[in-house]
Amino acid sequence: MKLQKILVVALLLGLVSTGCSSTPEKTISRKNASDGSPLSDDYSWVDSLDFKSTEEKKYQPDRDQFKGEVSEVDALSKESIARLPKPKLQDVNQNSNDPLDKIVSYCYQDQFDAGFKLADDVYGQYKNNTSYWNQVGTCYFLKSEFSKAILFFNKSRDLDPKFNPPVNNLGVVYQAQGKYQKALLAYKKAADLNTFALTPLYNLAQLYLKYGKVEQAHAILEALHRKKPLDVDVASGYATSLMMKGMLKESVDLFAKLDKATLAEARVGLNFALALKLNDRPQDAMTVLQNVSEPKEADLRAYFQRVNDFVRK
């Protein structure tokens, strides 16, 4: 069993499914692990532009959860519009009267000019609204302009230090930059700010899984799965942690409960195929693998090839 666990970790290390961000292939160095730098970079202000006086829109906490047709099958999607599939984003764009939803909707569809124009247009109403700056930061993150994303996420934090989305989002930026210790601290802080938020804990668990911290990840994912057993990302992460612990039957049983569309995604189906192969079910593993859509991302393609080679042995 120990050798089997080593094999699983070796296959998965450096690439575990990430529901909220993609991560470049890098190795945590001892220097990074001991980095004592503060959570945020030195961006604590944003220049204010002069506009004519307009009625300001105050922040409303309930608007940070999408109110559209999202079922409990994906609880994480209720916390971040980022997690909605393309059709849902388009629906938000067409039917939502909330400009903050529209800003980020445009950006997730790569319509950055439209998103930033709308942000400029409503600046006077929302300049003191913490969620506005979080959405602007999200747009810059999607453009891979990380320094600007950090600036605006920190502007959001300046307006309300207890508002947890920009803290989580800073973690996503840091993880994308390879600053894993800072990402870890951000996710922990975001989770502490809102103990009911799933996303920071999920991100934290995925970061643990990525670097082989199986026990820590498993504890978080097990708790999340008890709370939201129908969430597909939580279930997938939990099933992966079970596999990495050598609990293969439990892992396979949980993966098998996911719908076909989810299992066709490489980030999920590849781990299911691997769990089946390790559980002495090579034919079932091959069937699952044949239904997995070939990924476009370079690092995920490499993992696809490794799992494919292993399953066919």
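Overview of values
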| item | result |
| --- | --- |
| Some residue of segment 197-213 being farther than 27 Å from C139 by Cα and without any contact (Cβ under 8 Å) to a residue 24 or more places away in the chain | yes |
| Test for Y140: is it in contact (Cβ under 8 Å) with a residue 12 or more places away in the chain, crowded, with 24+ Cβ neighbours inside 10 Å, farther than 22 Å from T195 by Cα and in contact with a helix residue (DSSP H, G or I) (Cβ under 6 Å, 6 or more places away or on another chain) | no |
| Odd one out for F196 among (1) part of a helix (DSSP H, G or I); (2) of a type outside the set (D, E, K, R); (3) closer than 28 Å to N134 by Cα | (1) |
| So Q216, is it surrounded by fewer than 18 Cβ atoms within 10 Å (Cβ to Cβ), touching a helix residue (DSSP H, G or I) at 6+ places or on another chain (Cβ under 6 Å) and assigned to a helix (DSSP H, G or I) | yes |
| Residues within segment 148-168 that are within 22 Å of K227 (Cβ to Cβ) and outside any loop (DSSP other than H, G, I, E, B), tallied | 3 |
| Set A239, A223: member being small (G, A, S), within 22 Å of D309 (Cα to Cα) and either touching a Ser or Thr at 6+ places or on another chain (Cβ under 9 Å) or in the same structural domain as A298 (by TED's automatic domain parsing) (or both) | A239 |
| Filter result for the condition that a residue is in contact with a helix residue (DSSP H, G or I) (Cβ under 6 Å, 6 or more places away or on another chain) and either assigned by TED's automatic domain parsing to the domain that holds Y174 or surrounded by fewer than 16 Cβ atoms within 10 Å (Cβ to Cβ) (or both), over L248, L230, L204, L276 | L230 |
| Residue within segment 283-293 that is in contact with a Leu (Cβ under 7 Å, 6 or more places away or on another chain), surrounded by fewer than 22 Cβ atoms within 10 Å (Cβ to Cβ) and aliphatic (A, V, I, L, M) present | yes |
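The values are calculated or read from the model by the stated rules, or taken from the named source; none is laboratory data. Please read these numbers as outputs of a predicted model, since none were measured by experiment. All Cβ positions, glycine included, derive from the backbone under ideal geometry; neighbour counts span all protein chains shown.
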